[in-house]
Amino acid sequence: MLKEERKSRILSILLDRVSARTIDIAAELGTSRETVRRDLLTLHAEGRLEKIHGGAKIDLQSIEKPFQVRMGRNWAEKLEIGRRAVDLLPPGSAVFLDAGSTTAAFAEVLRDRATDIKVFTNLQPAAQILGQKAFFLGGTYNDDVPATFGELTLANIGQFYADFAIISPTALHQTQGLMYYELHECEIARAMIKNAQKTLVLADANKLEATSRVRLAEIDCIDILVTNSEADHKLLDMFRERISEVY
């Protein structure tokens, strides 16, 4: 296995588990512990992980996971959120849908359960899943997250007004608010909120009380929060003090 491939595999392991021991990584990759130690030192020097005694870890609050990794992580929970959210949409609704793995899961549920919902989205997988139900927003295509961004996308959003802006931020914190990892993702969500009657946020339990890099708004801007059944009930009660509807 080439060095760059090993480094990529190591990061995938850490992104999935948060932390791992050197001996376990070596066993999974079928290589020596000394080789893994060298790779960990290199990745640490590049600022991509943190070395700990006997292994390494990644701070998931500050490092955004590659989109395909995010798609595979907690997929059942994201589908649960999608089912809950789709059930809340009145027939004939028009919605904005931003780019994320949870919104992709929402699109998959929507395809099978609703026929009269119109979706405006910058997320390519969602547009492909929904077919004629979706209007794919133009703009500059981004390979890291398979979606469009930039001035053209923002202008395209401004041409429509929707019943709901359905967004999935990287983190949702009571004091720090809604947060994204990238500024261009945050700008898309902000424009969608501005051009919608209500804001519906999709966030799995891991995102609640987490933080990220770019702040979108206070949580008071949320009309509806949809999460999964693993979310802490006491934490949800605290969110209900500032959000009208929490599911």
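The values are calculated or read from the model by the stated rules, or taken from the named source; none is laboratory data. What you see is a predicted model, and the numbers here were worked out from it, not measured in a lab. Virtual Cβ from ideal backbone geometry, glycine too; neighbours counted across all protein chains shown. Just the protein is used for accessible areas: all its heavy atoms, side chains included, with ligands, DNA and RNA removed. Shrake-Rupley method; radii C 1.70, N 1.55, O 1.52, S 1.80 Å.
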(Q) Please pick out the residue among Asp163, Asp144 that is open to solvent by 40 Å² or more (accessible area, probe 1.4 Å) and either assigned to a strand (DSSP E or B) or in contact with a Lys or Arg (Cβ under 9 Å, 6 or more places away or on another chain) (or both). (A) Asp163
**Q.** Per-region count, the stretch 1-50, residues at pLDDT 90 or above and not in a helix (DSSP H, G or I)
**A.** 5
Q: State which residue pairs qualify: first residue free of Cβ contacts under 8 Å to residues at least 12 places away in the same chain and over 12 Å from Ala99 (Cα atoms) and inside the stretch 180-208, second residue aliphatic (A, V, I, L, M) and open to solvent by 10 Å² or more (accessible area, probe 1.4 Å) in any location, beta carbons under 6 Å apart, and separation of 6 or more residues or different chains.
A: none
(Q) So, Ala203, is that one farther than 30 Å from Arg242 by Cα, within 15 Å of the chain's Cα centre (by Cα) and open to solvent by less than 10 Å² (accessible area, probe 1.4 Å) or not? (A) no
Q. Looking at the stretch 206-247, which of the residues that are small (Gly, Ala, Ser) and in a loop (DSSP other than H, G, I, E, B) is surrounded by the most Cβ atoms within 10 Å (Cβ to Cβ)?
A. Ser212
